[in-house]
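The values are calculated or read from the model by the stated rules, or taken from the named source; none is laboratory data. This is a predicted model, so every value here is computed, not measured. Quick reminder, even Gly has a Cβ in these numbers, built from the backbone with ideal geometry, and neighbours come from all protein chains shown. Side chains included, ligands, DNA and RNA excluded: accessible areas come from the protein's heavy atoms. Shrake-Rupley method; radii C 1.70, N 1.55, O 1.52, S 1.80 Å.
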Amino acid sequence: MRRRVLLRLRPPARRCLCAALSTAASTTAAAPSAYRLLALLRGCVAPPHLPLGLRIHARAVTSGLLAAADGPAAALQTRLIGMYVLARRFRDAVAVFSSLPRAAAASALPWNWLIRGLTMAGHHRFAVLFYVKMWAHPSAPRPDGHTLPYVVKSCAALGALALGRLVHRTARALGLDRDMYVGSALIKMYADAGLLGGAREVFDGMAERDCVLWNVMMDGYVKGGDVASAVGLFGAMRASRCDPNFATLACFLSVCATETDLLSGLQLHTLAVKYGLEPEVAVANTLVSMYAKCQCLDDAWRLFDLMPRDDLVTWNGMISGCVQNGLVDDALRLFCDMQKSGLQPDSVTLASLLPALTDLNGFKQGKEIHGYIVRNCVHLDVFLVSALVDIYFKCRDVRMAQNVFDATKTIDVVIGSTMISGYVLNGMSEAAVKMFRYLLEVGIKPNAVMVASTLPACACMAAMKLGQELHGYVLKNAYEGRCYVESALMDMYAKCGRLDLSHYIFSKMSAKDEVTWNSMISSFAQNGEPEEALELFRQMSMEGVKYSNVTISSILSACAGLPAIYYGKEIHGIIIKGPIRADVFAESALIDMYGKCGNLELAFRVFEFMPEKNEVSWNSIISAYGAHGLVEESVSLLCRMQEEGFNADHVTFLALISACAHAGQVQEGLRLFKCMTEEYQIAPRVEHLACMVDLYSRAGKLDKAMQFIADMPFKPDAGIWGALLHACRVHRDVELAEIASQELFKLDPHNSGYYVLMSNINAVAGRWDGVSKMRRLMKDKKVQKIPGYSWVDVNNTSHLFVAADKSHPDSEDIYMSLKSLLLELKHEGYVPRPDICYTTQPDNTTQVMAI
C-alpha cells in the first residue's frame with residue numbers, strides 16, 4: 001500500500017512547453033474562447049514559440065473573437081501584440097496594434113508593449129515616435145510607471161537630452177517622478193550625459209531607495225570621475241541600512257583596480273565575505289582584476305584557483321593580470337589551458353594577450369593569433385583591431401598594420417590614435433599628420449589621447465603652426481589639465497625652438513609628474529641650456545619628486561654640455577647612494593659626461609664596472625676616446641666590442657671616423673668608412689658624409705673633399721658645407737670658400753657664424769671688397785652677430801666672458817695677469833700672428849682658427 005502511494009505521488013514526466021501548449025490548443029479547436037486562447041498566449045514568451053502564437057492568432061481570427069467589442073477581445077489583441085514583440089516581429093505587432101478598437105487603444109498596456117519591445121531591441125527612434133503618437137491619440141492614454149522608464153532609456157540612447165527633460169517634466173506632472181523605476185532611468189540618463197547635479201536632484205527627491213537606485217547613482221559618479229562623491233554616497237547607503245549587492249561591490253572594486261588602491265580593495269573584499277557575495281562571478285572577477293592591478297598576483301591566483309573555470313571573463317581577467325605584471329609565460333600557459341578546458345577565446349582575451357607578445361618581440365606568435373582570428377571569425381572590435389595594429393607597428397611591419405586598418409569597417413578615435421602613435425614610433429611623422437587629417441575628414445572628433453599622439457609628429461617635423469592649432473584645440477576642449485597632453489605640448493615647443501613657450505606651459509601646470517619634469521629637463525639639456533636643466537633638477541629634488549634613470553640620463557647630458565665635472569660627480573654620487581639603481585642608459589650617459597669633461601680615466605672605470613653592457617655603452621666609451629683623438633684605443637675597443645658579441649652600428653663608426661678626422665689619420669678613416677659600408681652593410685648617413693668631408697678638409701685635401709661632396713647620393717646639408725668652409729679658412733682657398741659660403745647662405749641664411757667666417761677669409765686674403773659685401777649681406781638679411789663667449793671653471797664655479805669683458809668683479813686682476821703673461825710670452829720669443837682668427841661658431845662659443 002505504501003509503495004502504491006509513493007508511485008501516485010511521483011510527478012508525471014515533463015513535456016516540452018510547445019508540445020503541451022499545442023495539445024491544449026487542439027482541445028479548444030471545437031469551441032475556442034477568448035479566455036482559453038489568452039491563457040495559451042501567456043505561454044508564448046520567446047521567438048521559438050512563434051509558430052504556436054501564429055496558430056492561436058489564426059484561430060482567433062477564424063473564430064471571430066477579435067471582431068468582438070468586449071473586454072476579453074481587447075485583452076486577447078493586447079496579448080497578441082506582446083507575443084509578437086517578444087518574438088521580435090515588430091511589423092506584425094504594429095499591424096495588430098493598428099486594428100485595435102479605440103477603447104482598447106485608450107489603455108496604456110498595448111503602447112507599453114510596443115515601446116518596451118522597441119527599446120529593448122535597440123529601435124530607440126521608433127520607441128520615441130510611438131511615445132509621441134501615444135500623446136496624439138484621440139483617446140489620449142496616460143503613460144504610467146511602465147511607459148516612462150523605457151522612453152527615458154531611448155532618449156538617453158539617442159542623446160536627446162531636451163526630450164528627456166520633457167519626459168521628466170511629464171513624470172513630475174503625473175506624480176511618477178518618485179517611482180522607483182522612473183527615477184532610476186532618469187538618474188542614469190542625467191549621469192550618462194554628464195549632468196551629475198540633475199541626477200543627484202532626482203535621487204534626493206526619491207521617497208524610497210532600494211539597492212538598485214543607490215547603485216545607479218554611485219555608478220554615475222564613478223563614470224563621471226567623481227570618485228569622492230561615490231564613496232560618500234556608499235557611506236550614506238551603509239548608514240541607511242541598505243545592504244550592498246554584487247553590483248555595488250563590483251563597481252567600487254573596479255575603481256580600486258583603476259586607482260591601484262589596495263587598502264580600499266581589501267576592505268571591500270571583507271564586505272564581500274561578510275555579505276556572502278564573494279562567490280558571485282562579477283565580484284570574484286573584479287577582485288581578481290583589483291589584486292592583479294595592485295601587483296598582488298599571489299592573491300589573484302588564490303582567488304582564481306577557488307573559482308569555477310566555466311566563465312570566460314574569469315580567464316580573461318587572470319590572463320590580463322599576468323600580462324600587466326610582466327608574467328608573459330604564465331599568460332600564454334593560461335591561454336592554452338583555457339582552450340583545453342573547452343572555452344574559446346574572444347576578442348577581449350586576444351586583445352589582452354597581444355601586448356604581451358609585443359613585449360617579447362613575438363612577431364611570429366602575433367601573426368599566429370591574427371591567423372586564429374581570421375580562421376575562427378572572431379569579432380574584431382576596436383580594442384582587438386588596436387592591439388593588432390599596435391603589435392605590427394612595434395614589430396616594424398608598417399604595411400601589415402596599414403592592411404589591418406584598411407580592412408576595418410568601423411574606425412573610431414581609439415584605432416585612429418593607435419595608427420598615429422604607430423607612425424610616430426616608426427619615424428613616419430608626415431604619415432601621422434595625414435592620418436590625423438583623414439580622421440577629421442571622416443568626422444572623428446579627436447580626444448586628449450589622439451591630440452597627445454599627434455603632437456610628437458609635429459615636433460619631429462618642426463611643424464609649429466599645426467602644433468599651435470592643436471594647442472588651441474586643447475584649450476578649447478579643456479584638455480590642458482592632463483599631464484600627458486601638456487608634456488607633449490612642452491616637447492613640441494622645445495623641439496620647434498621655443499623653449500620659452502615650453503617653460504611657460506611647464507610653469508603653469510598645477511600638477512607635474514615625473515614625466516613632465518623629465519621632459520622639461522631634457523628639453524633644456526638638448527637645446528643648449530644646461531644651466532637651466534641643472535636648476536630644474538634642483539627644484540625637482542626640493543619638491544620631493546622621485547627621479548628615475550631617465551632624469552639621471554638627461555641631467556648628465558646637461559653636465560656634459562657645460563662641461564661641469566663637479567656637478568656630474570654629484571649626480572654620480574646620487575646614483576651610488578640614491579634609492580634607484582642606474583640602468584645601462586644612465587651609466588652610458590655617465591661615461592659620456594666624464595669623456596666630454598676630459599676625464600677618460602673615470603669614464604673607463606665606470607665602463608669597466610658596469611654589470612651589463614649594450615651597444616649604447618660601447619658607443620659611449622668609443623666616442624669618449626675618439627673625441628680625444630685616441631684612434632688606436634678607439635679601434636681596439638671596437639675589436640673588443642665585436643669579440644664580446646656586440647655589433648657596431650652607425651653611431652660607432654661615426655665616432656671612429658670623427659676621431660680619425662681630429663687625429664689627421666686619413667687612411668684609417670677611409671678604411672673604417674669602407675668597413676662600415678661593405679663589411680657591415682650600414683648605409684652612410686649625412687653625419688658620416690660630413691665626417692668624411694671633415695677628414696679630407698683637415699688634412700688639406702680640399703679637392704678630394706669637393707669630389708666627395710659631388711658624389712654624394714643626396715644633397716649636402718649645412719654641416720657638410722660648414723666643414724668645407726672652415727677648411728678653406730685654414731688652407732686659404734678663397735675660391736672654394738666662395739662656393740661653400742653661397743650654399744651655406746641658402747641653407748642657413750640667419751647663422752651669423754658663416755658670414756663672419758667668410759669675412760675673415762676675405763680679410764686675410766686682402767679682399768676688402770669681399771669684407772664689405774659680407775657686411776652688406778648681414779645688414780640686408782638682418783643677421784645679428786651674436787658675441788661668442790668662453791668660460792673657465794675655478795673652484796667648482798663657472799665664469800663666462802666675452803671679448804673685452806669687464807663685467808667680472810675681479811676684471812682688473814684678470815687683465816693684470818693677462819698683461820703679465822703676454823710680457824712673459826714676448827720674453828720667451830713669442831711673435832704675434834695676425835693670421836690667427838677668433839670666429840664665432842653656430843653655438844656661440846669661441847674657436848681659435850689658425851692659418
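Taking the conditions (1) over 35 Å from the mean Cα position of the chain (by Cα); (2) modelled with pLDDT under 85; (3) on the phi < 0 side of the Ramachandran plot; (4) open to solvent by 40 Å² or more (accessible area, probe 1.4 Å) in turn, Glu278 satisfies each one other than (1). Total residues in the stretch 394-408 satisfying the condition of being within 14 Å of Ala356 (Cα to Cα) and assigned to a helix (DSSP H, G or I): the figure is 1. Remark: pairs (first residue in the stretch 104-126, over 13 Å from Pro149 (Cα atoms); second residue surrounded by fewer than 17 Cβ atoms within 10 Å (Cβ to Cβ) and not polar (S, T, N, Q); Cβ separation under 6 Å; 6+ apart in sequence or on different chains) = Ala108/Asp144. Within the stretch 453-488, being under 22 Å from Lys434 (Cβ atoms), among the hydroxyl-bearing types (Ser, Thr, Tyr) and open to solvent by 20 Å² or more (accessible area, probe 1.4 Å) holds for one residue alone: Tyr473. Against the numbered list (1) farther than 17 Å from Leu271 by Cβ; (2) of a type outside the set (Gly, Ala, Ser); (3) part of a loop (DSSP other than H, G, I, E, B), Val212 comes up short only at (3). Checking each residue in the stretch 281-299 for being surrounded by 23 or more Cβ atoms within 10 Å (Cβ to Cβ) and touching a Cys at 6+ places or on another chain (Cβ under 9 Å) picks out Thr286, Met290, Ala292, Lys293. Output the residue which, of all residues in the stretch 573-588 that are outside any helix (DSSP H, G or I) and either within 24 Å of Ile622 (Cα to Cα) or of a type in the set (D, E, K, R) (or both), is modelled with the highest pLDDT. Out of the qualifying residues, it is Asp583. Name every residue in the stretch 16-53 that is surrounded by 12 or more Cβ atoms within 10 Å (Cβ to Cβ), modelled with pLDDT under 60 and in a helix (DSSP H, G or I), in order of residue number. Across the stretch 16-53, the qualifying residues are Leu17, Cys18, Ala20, Leu21, Ser22, Ala24, Ala25.
Residues are listed down the side, and each one gets a yes or a no for (1) among the charged types (D, E, K, R); (2) touching a Lys or Arg at 6+ places or on another chain (Cβ under 6 Å); (3) closer than 17 Å to Lys364 by Cα:
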position	(1), (2), (3)
Ser386	no, no, no
Cys395	no, no, yes
Val398	no, no, yes
Asp406	yes, no, no
Lys409	yes, no, no
Val414	no, no, no
Ser429	no, no, no
Val442	no, no, no
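If you filter the stretch 697-718 down to residues that are in a helix (DSSP H, G or I), open to solvent by less than 40 Å² (accessible area, probe 1.4 Å) and out of contact with any Phe, Trp or Tyr (no Cβ under 6 Å at 6 or more places or on another chain), you find that the one that is nearest to Gly664 (Cα to Cα) is Ser697. Summed over the stretch 412-441, the residues that are open to solvent by 60 Å² or more (accessible area, probe 1.4 Å) and touching a Gly at 6+ places or on another chain (Cβ under 9 Å) give a count of 2. Evaluation of Gly224 against the conditions (1) touching a helix residue (DSSP H, G or I) at 6+ places or on another chain (Cβ under 6 Å); (2) open to solvent by 60 Å² or more (accessible area, probe 1.4 Å); (3) modelled with pLDDT under 85 shows that the sole unmet condition is (2). Is it the case, given these coordinates, that Ala156 is under 27 Å from Pro244 (Cβ atoms) and buried (at least 23 other Cβ atoms within 10 Å of the Cβ)? No; evaluated as a whole, the condition is false for this residue. Taking the condition of being within 20 Å of Ala46 (Cβ to Cβ), in contact with a Pro (Cβ under 6 Å, 6 or more places away or on another chain) and assigned to a helix (DSSP H, G or I), how many residues in the stretch 73-122 meet it? Number of matching residues: 2.
Taking the condition of being buried (at least 18 other Cβ atoms within 10 Å of the Cβ) and assigned to a helix (DSSP H, G or I), how many residues in the stretch 329-346 meet it? Qualifying residue count, the stretch 329-346: 6. Looking across the stretch 169-180, the residues that are surrounded by fewer than 22 Cβ atoms within 10 Å (Cβ to Cβ) and out of contact with any Gly (no Cβ under 6 Å at 6 or more places or on another chain) come down to Arg169, Thr170, Arg172, Ala173, Leu174, Gly175, Asp177, Arg178, Met180.
Summed over the stretch 176-202, residues that are part of a loop (DSSP other than H, G, I, E, B) and either at pLDDT below 85 or more than 18 Å from Asn112 (Cβ to Cβ) (or both) total 5.
Looking across the stretch 442-452, just one residue is touching a Ser or Thr at 6+ places or on another chain (Cβ under 6 Å) and either outside any helix (DSSP H, G or I) or open to solvent by 60 Å² or more (accessible area, probe 1.4 Å) (or both), and that is Val449. Could you grab me the full set of residues in the stretch 383-402 that are over 23 Å from Leu343 (Cβ atoms) and either open to solvent by 20 Å² or more (accessible area, probe 1.4 Å) or charged (D, E, K, R) (or both)? Those that are over 23 Å from Leu343 (Cβ atoms) and either open to solvent by 20 Å² or more (accessible area, probe 1.4 Å) or charged (D, E, K, R) (or both): Asp390, Lys394, Cys395, Arg396, Asp397, Val398, Arg399, Met400, Gln402. Among the residues of the stretch 133-142, is there at least one that is crowded, with 16+ Cβ neighbours inside 10 Å, in contact (Cβ under 8 Å) with a residue 12 or more places away in the chain and either in contact with a strand residue (DSSP E or B) (Cβ under 8 Å, 6 or more places away or on another chain) or part of a helix (DSSP H, G or I) (or both)? Yes; the residues of the stretch 133-142 include at least one that is crowded, with 16+ Cβ neighbours inside 10 Å, in contact (Cβ under 8 Å) with a residue 12 or more places away in the chain and either in contact with a strand residue (DSSP E or B) (Cβ under 8 Å, 6 or more places away or on another chain) or part of a helix (DSSP H, G or I) (or both). Taken over the stretch 227-275, the criterion of being farther than 30 Å from Leu195 by Cβ and open to solvent by 60 Å² or more (accessible area, probe 1.4 Å) is satisfied by Leu263, Leu266, Gln267, Thr270, Val273, Lys274, Tyr275.
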